[in-house]
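The values are calculated or read from the model by the stated rules, or taken from the named source; none is laboratory data. A quick note: this is a predicted structure, and the numbers were derived from the prediction, not measured. Quick reminder, even Gly has a Cβ in these numbers, built from the backbone with ideal geometry, and neighbours come from all protein chains shown. The area values use the complete protein model at the heavy-atom level, side chains included, leaving out ligands, DNA and RNA. Shrake-Rupley method; radii C 1.70, N 1.55, O 1.52, S 1.80 Å.
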Amino acid sequence: PVSEEQRGWVQALDHSGRLLRDILDDILDFTRLESGRVAVEAAPFSLRERVAMVEATIRPAMERKALAFTVTVDPALPDGLVGDAGKLGQILLNLLGNAAKFTHSGGVALSVAPAEASADRLRITVADSGIGIAPEALAHIFEPFSQADGSVARRFGGSGLGLAVCRGLLDVLGGSIELETEPGRGTIFTVLFP
C-alpha cells in the first residue's frame, strides 16, 4: 500500500518515463528515415486487430483527459489486408497521441475507410477538437524538430519529430498526409495509406 503522496510520485515517474520513451522512439525513427534504413514490409495482417491494438494503447490517454474517443472502421473494408501493419500502427499512434496531447475538451475521432480514388489505399482521418495549428506554422509543421511555436514545447512537451516521422514513413511507403486546421477549433489529418 502507498499513500496518496507516494501514488502521485509514482504517477509522475510513470508519465515522465512514457514521455522519455516516446521522445527516444521518435529520435530513433527519424534517424532511420534520415539514413535511408527503413525497410517496408508487405505482409498479410488484420486491419481490425491492428486498429484495436492502437485503440487500446491510446485510450488511457483519452480517458485521463475525459475526451470522447471514437474509432470507426468502414465495414466495407476487408479485414485481411497486405501491407506494413507496423508502420500503420506507428503513424496512427503518432497522430492520435498528438490529438490527445493538444485537445483539452471535446474529443478525438479515428476513421478508416477505403480511399475513393484508389482501391489499394486506406483513407485514414484523425480529427480532434483541440487547439489547432496557427497558419504561420503550417509551412513547417512536418519538418523535424518543428512545433507551432516555442511555447508549445514548453506547455505540451515532445520532440517535434512525430509529424516528420509520419511524413517520412508515408513517403517511403508511397502514401500521403494532409491536414485541415483552424486555431482554437481543431485539426483533421487525412492519410492515404497503401
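Taken over the C-alpha atoms, the chain has Rg and Dmax values of 17.0, 57 angstrom. Kirkwood Rh over Cα pairs of the stretch 1-98 into Stokes-Einstein at 37 °C, 0.692 mPa s: D in µm²/s? The calculation lands on 205 µm²/s. Between the beta carbons of Arg18 and Ser105, assuming R0 = 30 Å, the FRET efficiency works out to 0.85 to the nearest 0.05.
If each residue of separation counts as 0.36 nm, what is the full-extension length gain between Arg185 and Glu49 once their alpha-carbon separation is subtracted?
Length gained, Arg185 through Glu49: 45.8 nm.
Contact order, relative form, for the chain: 21 percent (alpha carbon pairs under 8 Å, 6 or more residues apart, mean separation divided by residue count). Per residue, the accessible area of the chain comes to 55 Å² when a 1.4 Å probe rolls over the protein heavy atoms. From its DSSP helices (H runs of at least four residues, each -39,500 (n - 2.57)), the chain gives a residue-normalised ellipticity at 222 nm of -15000 deg cm²/dmol. Placing +1 on each Lys and Arg Cβ and -1 on each Asp and Glu Cβ, with no other charges, gives the stretch 40-98 a dipole about its Cα centre of roughly 260 debye.
For the chain, a crude dipole built from +1 on the beta carbon of Lys and Arg and -1 on the beta carbon of Asp and Glu, taken about the Cα centre, is about 320 debye to the nearest 20. Which FRET efficiency value, to the nearest 0.05, do you get for Val38 and Ala134 by plugging their Cβ-Cβ distance into 1/(1 + (r/R0)^6) with R0 = 35 Å? Here the calculated transfer efficiency is 0.70.
Is the shape of the stretch 34-77 rounded, prolate or oblate, going by the alpha carbon gyration tensor and its root eigenvalues a ≥ b ≥ c, with a/c under 1.5 for rounded and a/b larger than b/c for prolate? It comes out oblate by the Cα gyration axes. Ligands, DNA and RNA left out, the 1.4 Å accessible surface of the chain is 56% carbon and sulfur atoms.
For the pair Val10 and Ala68, label points projected 7 Å from Cα toward Cβ lie 3.4 nm apart.
Which one, Thr57, Gly186, Ala76, projects farthest toward the positive side of the charge dipole computed for the chain from Cβ point charges (K/R +1, D/E -1)? The one lying farthest along the dipole's positive direction is Thr57.
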